[in-house]
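Right, one structure below, let's go through it.
Derivation of every value follows stated rules applied to the coordinates shown; laboratory data play no part. Please read these numbers as outputs of a predicted model, since none were measured by experiment. Here the Cβ positions follow ideal geometry from the backbone for every residue, glycine too, while neighbour counts run over all protein chains shown.
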Amino acid sequence: MPRIAFPPPPSSAATEALRAEVRDFLKTELADRPPRLRAESWNGFDAAFSRRMGARGWIAMTWPKQYGGHERSALERYVVLEETLAAGAPVAAHWIADRQSGPLLLKNGTEEQRRTILPRIAAGECTFCIGMSEPDSGSDLAAVRTRAVPVPEAEGGGWRVNGTKLWTTYAHKAQYMILFCRTDGGTEDRQGGTSQLLVDLTTPGITIRPILDLSGAHHFNEVVFEDVVLPADALIGNRGEGWTQVMSELAYERSGPERFLSSMALLIELVRALGPSPSGHAAIAVGRLTAHLIVLRRLSRSVAGMLDKGENPTLQASLVKDLGALFEQEIPEIARQLVEAEPDLESTREFSAVLAHTVMNAPAFSLRGGTREILRGIIARGLGLR
Amino acid sequence: MPRIAFPPPPSSAATEALRAEVRDFLKTELADRPPRLRAESWNGFDAAFSRRMGARGWIAMTWPKQYGGHERSALERYVVLEETLAAGAPVAAHWIADRQSGPLLLKNGTEEQRRTILPRIAAGECTFCIGMSEPDSGSDLAAVRTRAVPVPEAEGGGWRVNGTKLWTTYAHKAQYMILFCRTDGGTEDRQGGTSQLLVDLTTPGITIRPILDLSGAHHFNEVVFEDVVLPADALIGNRGEGWTQVMSELAYERSGPERFLSSMALLIELVRALGPSPSGHAAIAVGRLTAHLIVLRRLSRSVAGMLDKGENPTLQASLVKDLGALFEQEIPEIARQLVEAEPDLESTREFSAVLAHTVMNAPAFSLRGGTREILRGIIARGLGLR
Amino acid sequence: MSDSILADTAQRLFAERFTPELLRAADSGQWPAAAWAAVEEMGLPLALVPEEAGGFGVDTLDALALVRSAGSFAAPVPLAETMLAAWLLAGAGMAIPAGPLGIAPTQSAKGDLALTRDGASWRLTGTAHRVPWGRVATAVALLVEQESGSVVCLLEPGDWTVEEGRNIAGEPRDTLRIDAVLDAARVAPAAPGVTPADLFAMGATLRSLAMAGAIERVLELTVQYAGERVQFGRPLGKFQAVQQNLAILASQAAAAGAAADGAAEALAERSGGPLRVLPIAAAKLRCGEAAGLTASIAHQMHGAIGFTHEHVLHHLTRRLWSWRDEFGNESVWALRIGREVAEAGADGLWPLVTAA
Amino acid sequence: MSDSILADTAQRLFAERFTPELLRAADSGQWPAAAWAAVEEMGLPLALVPEEAGGFGVDTLDALALVRSAGSFAAPVPLAETMLAAWLLAGAGMAIPAGPLGIAPTQSAKGDLALTRDGASWRLTGTAHRVPWGRVATAVALLVEQESGSVVCLLEPGDWTVEEGRNIAGEPRDTLRIDAVLDAARVAPAAPGVTPADLFAMGATLRSLAMAGAIERVLELTVQYAGERVQFGRPLGKFQAVQQNLAILASQAAAAGAAADGAAEALAERSGGPLRVLPIAAAKLRCGEAAGLTASIAHQMHGAIGFTHEHVLHHLTRRLWSWRDEFGNESVWALRIGREVAEAGADGLWPLVTAA
């Protein structure tokens, strides 16, 4: 069996000054943000806030300066990330681009794409969305049917795209989409023949329709492509290597603080509701959750340290994600038994509103970025069992 | 999807007099039986107690009188069973025969077997063991290698048996074994070619060796057959139908009170240790377990009612077993956090001793009679998924 | 009306009326007046009322089964509440108004409501919290504890002002600010032995039944989905990991169903004496626990599909998340059982279980 | 000695000495004297003792790693306890006797022990409960709280009578009835800041490390077994249901390992000031929780095989079941953290977590 090492995370002493700075900033920025909005975690969208984060240099922190980045360490980025998430700051306007699309372009984009787009992301002025799932492809990405066909040079070149993407978060507010689609072969080729394309969402032929989630909120969208023509250089990386590129993105993003802080607002409100002298029962429950949080954070920071050293901790990252989702989902189930309050989005009590939000969103915590069952299959493979 | 009905269990009013009688009997019988022994549940062995149960008419309750039975209802039998198990009475000397081997002989045995053996079981004077598992066949019974070969008439007839059985509970105290073995074909035939034989354990060629369990106790045995010759009428039921016969035994025995009362002694000692004024925390925990127990008992009695009517509630029985094992396994995990006491088999405190016993035995609750994974597979099939 | 005809007719009505479109409309705050009228037309709200008080002579267990059935359709109408209010009024010898009726889902009415003499009339003041569908109620039946015993008060629109609220399933849960002068005809002693704690337990029974119904339906939907949805070239239901989860779902449905049945029996067998509360407490707790697990597994199996507003699943799961907290959550009832066990003592535990 | 040489040498020694046969013998009450002598020969019991006090200058983290390693072999010797006793004695400036040493695993020594002046000497009376391997200890180091601060007492055989006891792993946990007159050389103030609560937290750290080691080993054994054992014509590990369980096992091992590392760091970084207790509390709780889950899954996967006395699995799982309750179970440490969180308040929660 391969040994699954989690080396000690890098010392955080060096980043404490940055942490204090971020906390100060957030304290002012979020002074009026009620817990029920903080509970939205990374789904909170505030373009102005994102611009101010950009102005502070807290987006694109690790990227090269020539593309608007700040060449700071992954650990410094980690500190900014965990502080903003723990505080329930509205990061959605810059978060996807900072976390996923920007790094993809940095690694695989054209020089033109890097030069024009990355600085705008860094400034907090450019929102991305990710076009992955389709009506008949959930966790099974190889089943995508959206297709990009090369347009003959004679007809102007580029790609003609047709298909439908589902569950595209914030497509209705984004400027760009990273589109995962088929350029060659068919579903029988499984992962082969898939590619990633950069899509300017103002391109003609794109229709974005809201998909309301179970609480009636609008985060998701259906994005329909009807004979959408993209330029030739819309291709990111290599034709036919879409799957490989996506997998390497996903593996690295399984273990960040976003994987265990989704219910943080509720945990905080729980502590508030219980007050300074909780019953033994309540103190034990909160103490236990706090212990789990401390350990999860250590695991996550350990993976961050490995990533910073250029290692490939795919298995470790999967373990953190699995543990993190369990923790996030456990919090509402525990909190609701400790405080007498029914979940109620519109309640005058913040605890009730935060509880309602968290109860209704918790099921997604073990779906997004691959279901729990798939994740555990990946872990089993890492243990040498498949 | 097939509807999984659990009809209301039969009213217990008619059996209350019997219940009172059993409680009275057990109160006297078990007056000096300390909780640490009651915790053995159906592993407690006391031949004298079994004889007294027999004398009371509380073994073989539903069998025909001509074979020593008492022709009472399945519901009356259920009452005796749950009362003895809840009280932690030592039933092992008669239990396997009453529950499994006797009914098998009643259904499939020869008239001679019925006439000679069943009355002795009913009297609590005849202990059976079940020879199922083998070194390379755990849950996969089709993999048995113990083989019974017909002996030519010229050489005296009957069966010659060779092979090894493992985990045979109380083989060292039993007079008989119901042996599951192969009479025809090979493992490639899967279930086909297996049969059940009645084995008098005093037959030459049989060696019984103890297998100590993880607490060092001796319940299990290895039983080795070396050219053991059994009479021709040792065959129970039909040659080659061993698997079918075993499955119909198992299905009916998935849902009795033995499937959720294994940790009852600990639950009782927990209530005792907490006293009349438990903390809110402890009261909630005990209240929850009690609610689960009430509901499990209702489910189990509902299945008993269906069996009594001659229905075939295989799916329902599997659900009860799965829920029951979870409940039994949860009790030690909850109890240990509510009372300050380390588990200790030799402790002067009964709670510690009962806790130790239950912690160490709990893993078996979801193994015996088919593992949890296999059980859930059976349930899934019942839902129409396989 | 014969039992199974009632059940079948009601189920057909629910299936016809409580369509996904209607559920969505109700979710956005619309009162399904026509559907309610059809339910009322069938007489279902009077199912718990004895024949001599204007009911149809429905067996109590059959009446309660209607609530379970309505739960399985996520019926967005106060059928259970109106049944309960009608029963309460009938017990007090009062006439039962037509239309959806309200009750207050609180264990103790003390503190929140004050009933005082006002000449020949009475004056009732105070607040009733989270009254289901208070905004459309044609009347509200409240049980108020007085020195002399429990008293039923019949309130009519105008007796209260409404502050609208909702549970997370979108069902109205309104706060009624009450200041009413009630003439003698609208105030009467409750049937013997009926206390606010009793009414609370009855409410818990109705919610348990509704949860059991919803859980069974969620199981059905999920098994069906797993059989149809293809991933990685096979139906989901062929994956062992999915099968194991669905087996757990089925066991929760079984437990919830049996628990709710037990509560219904306790309620049905009552005749004047005190309610057998233990089976009811066990049911509300067990159904509440099953509700959470069921919702979680069903969403896990449905994936993103189950999260869309268009899908029927969330009408059921959001009700499960709401109902498990109404009329006492798991902790509330567990504490009640736990105290009873502590009083019975270690050797009283098993007798207490067999008597439940 | 270089760090990894120490670790490797120790591991080789453990593997060589703590064979299944030795574990079984120890289980039946035999003291593995030769194996202990070899451990002592290597100097391992002095690993926490500073060089200036007779130690070998081992880095604290490396010293603690030995306990984890011993845990993974279910080593039936008081290595952790002797390390702790030696550290305690060294801190008080006392000589460290050879042989296995005992300590008392209680949070507060108050009530159980009384230390009084007896002329130029001292008199210590009372009871030390569940002293690991008390029966073979050549000396026992006890920390007694006095008005003046914590005092270390060095007891020798003859100072106590033994009532033998065992934990469920068969490890000696003896009650010592103490009535001893101690000359001044055997009584000394503890190192500054060292209290019984501190010693208890150190014990919790050592048990966390041992659990982390045992859990890793259980994972390894179980993955190996699943890869080898064939059922229904395939290795167990090819079944999706088994894979899902082993993934959970791996995640528990990861959490336990990281938690124990955190506790070890807190202990290692201490220099005179108070211990950072939060990471230690989190570790004991988290490892304890992982211990239960690990044992349960491992036995589920091993089936009946894991239940036999002959198999090595239970030497590890029974230790996990014992160790999670020693030096404070999950509730004890959760309460401690919970009280600290309540004091910090809602807005202090996150800063408290990042400082842990």
Kindly put B:Met247, C:Met202, B:Met61 in sequence by how many other C-beta atoms sit within 10 Å of each C-beta, fewest to most. B:Met247, B:Met61, C:Met202
If neighbour count is taken as other Cβ atoms inside 10 Å, put D:Asp159, B:Asp233 in order from fewest to most. B:Asp233, D:Asp159
Quick check: from the Cα gyration tensor, does chain A come out rounded (a/c under 1.5), prolate or oblate? prolate
Length-normalised contact order for chain C - Cα pairs under 8 Å, 6+ apart - percent: 16 percent
May I ask you to evaluate 6.51 cos²θ - 1.76 cosθ + 1.60, the Karplus curve with θ = phi - 60°, for each residue of region B:273-287 and list the ³J(HN,Hα) values in order in whole Hz, giving x for glycine and proline? 5, 6, x, x, 10, x, 5, x, 3, 5, 4, 4, 5, 5, x
Peptide B:209-216 - average C-beta neighbours from other chains (10 Å radius): 5
Can you tally the net charge around A:Asn221? Count Lys and Arg as +1, Asp and Glu as -1, for every other residue whose Cβ sits under 10 Å from the Cβ of A:Asn221. +2
For D:Ala38 and A:Arg368, extending 7 Å from Cα along the Cα-Cβ vector and measuring point to point gives, in nm, a value of 5.4 nm
Under a point-charge model restricted to the Cβ atoms of Lys and Arg (+1) and Asp and Glu (-1), what is the dipole moment magnitude of the protein assembly as shown relative to its Cα centre, in debye to the nearest 20? 960 debye
C-alpha center-to-center spacing [region D:1-72, region B:79-128] in angstrom: 54 Å
Over all alpha-carbon pairs in chain D, figure out the percentage whose distance exceeds 29 Å. 41 percent
Taking R0 as 51 Å and r as the Cβ-Cβ distance between D:Ala95 and B:Arg349, the FRET efficiency 1/(1 + (r/R0)^6), rounded to the nearest 0.05, comes to 0.85
What's the average, rounded to a whole number, of partner chain beta-carbon atoms within 10 Å of each residue's beta-carbon in A:354-365? 4
Mind checking the dipole of region C:97-208: about its Cα centre, +1 per Lys or Arg Cβ, -1 per Asp or Glu Cβ, Debye to the nearest 20? 200 debye
Between region A:179-215 and region B:153-184, how far is it from one alpha carbon centroid to the other, in angstrom? 65 Å
How big is the convex hull of the Cα atoms of region B:254-382, per residue, in Å³? 106 Å³
Out of all DSSP beta bridges with both ends in chain D, state the antiparallel percent to the nearest 5. 95 percent
Highest to lowest packing among C:317-323, C:218-224, scored as the average C-beta count within 10 Å: C:317-323, C:218-224
Multiply the residue separation of B:Arg145 and B:Gln66 by 0.36 nm, subtract the distance between their alpha-carbon atoms, and state the gained length in nm to one decimal. 24.7 nm
If you build a Gaussian network model of chain B, linking Cα atoms that sit under 10 Å apart, which residue out of B:Met177, B:Met132, B:Met360 swings the most? B:Met360
Mean separation of Cα contacts under 8 Å, 6 or more apart, over the residue count of region C:196-355: relative contact order %: 30 percent
Taking the Cβ of C:Ala141 as the center, what net charge do the other residues with Cβ under 14 Å away carry, scoring Lys and Arg +1 and Asp and Glu -1? -3
Pairs over 26 Å Cα to Cα, from A:Lys65/A:Lys309; A:Lys173/A:Lys309; B:Lys27/C:Lys284; A:Lys65/A:Lys107, come to A:Lys173/A:Lys309; B:Lys27/C:Lys284
Expressed in angstrom, Rg and Dmax over the Cα atoms of region C:1-89 are 12.7, 40
For A:Gly131, enumerate residues with amide H under 5 Å from its amide H, sequence gap 5+ or separate chain, H modeled in the peptide plane. A:Ile178, A:Leu179, A:Phe180
Projected onto the charge dipole of region B:130-240 (+1 at Lys/Arg Cβ, -1 at Asp/Glu Cβ, origin at the Cα centre), which of B:Trp159, B:Gly193, B:Ile206 gives the Cα projection farthest towards the positive end? B:Ile206
Can you give me the relative contact order of region A:130-240 as a percent, contacts being Cα pairs under 8 Å and 6 or more apart? 30 percent
For D:Glu269 and D:Asp112, calculate 0.36 nm times their separation in residues minus their Cα-Cα distance, and state this gained length in nm to one decimal. 53.4 nm
Chain B: angle of helix B:314-338 to the longest principal axis, Cα-based, in degrees nearest 10: 50 degrees
Can you tell me the dipole magnitude for region A:254-382 around its Cα centre, using point charges on the Cβ only (Lys, Arg +1; Asp, Glu -1), in Debye to the nearest 20? 640 debye
Rounded if a/c is under 1.5, else prolate if a/b beats b/c, else oblate: with a ≥ b ≥ c from the C-alpha gyration tensor eigenvalues square-rooted, which is the protein assembly as shown? rounded
List every residue whose amide H lies under 5 Å from the amide H of D:Ser150, counting only residues 5 or more places away in sequence or on a different chain, with H placed 1.01 Å from N in the peptide plane. D:Ala190
Hey, how many Å between the Cα centroid of region D:185-234 and the Cα centroid of region D:281-356? 10 Å
What order, most packed first, do the peptides A:18-31, B:63-76, A:332-345 have when packing is the mean number of other Cβ atoms within 10 Å of each residue? A:332-345, B:63-76, A:18-31
Whole-Hz Karplus ³J(HN,Hα) for region A:101-110, in order, using 6.51 cos²θ - 1.76 cosθ + 1.60 and θ = phi - 60°, x for Gly and Pro? 6, x, x, 4, 5, 4, 7, 10, x, 7
Starting from the Cα of C:Arg123, step 7 Å along the direction of its Cβ; do the same at D:Gln30; then give the gap between the two resulting points in nm. 9.0 nm
Can you give me the distance in nm between label points at C:Ser4 and D:Glu220, each placed 7 Å from the Cα along the Cα-to-Cβ direction? 6.4 nm
Summarise the partner chain shielding of B:179-188 as one whole number: the mean count of Cβ atoms from other chains within 10 Å of each residue's Cβ. 0
What are the ³J(HN,Hα) values, in whole Hz, obtained from phi via the Karplus relation 6.51 cos²θ - 1.76 cosθ + 1.60 with θ = phi - 60°, for each residue of region A:230-243 in sequence order, with x given for Gly and Pro? 10, x, 4, 7, 5, 4, 9, x, 10, 4, x, 10, x, 4
Which order do D:Asp325, D:Asp179 fall in if you start with the one that has the fewest other Cβ atoms within 10 Å? D:Asp179, D:Asp325
Determine, from the Cβ-Cβ distance of B:Met247 and B:Glu153 and an R0 of 35 Å, the FRET efficiency 1/(1 + (r/R0)^6), rounded to the nearest 0.05. 0.65
Among beta bridges that DSSP assigns inside chain A, antiparallel share in %, nearest 5: 80 percent
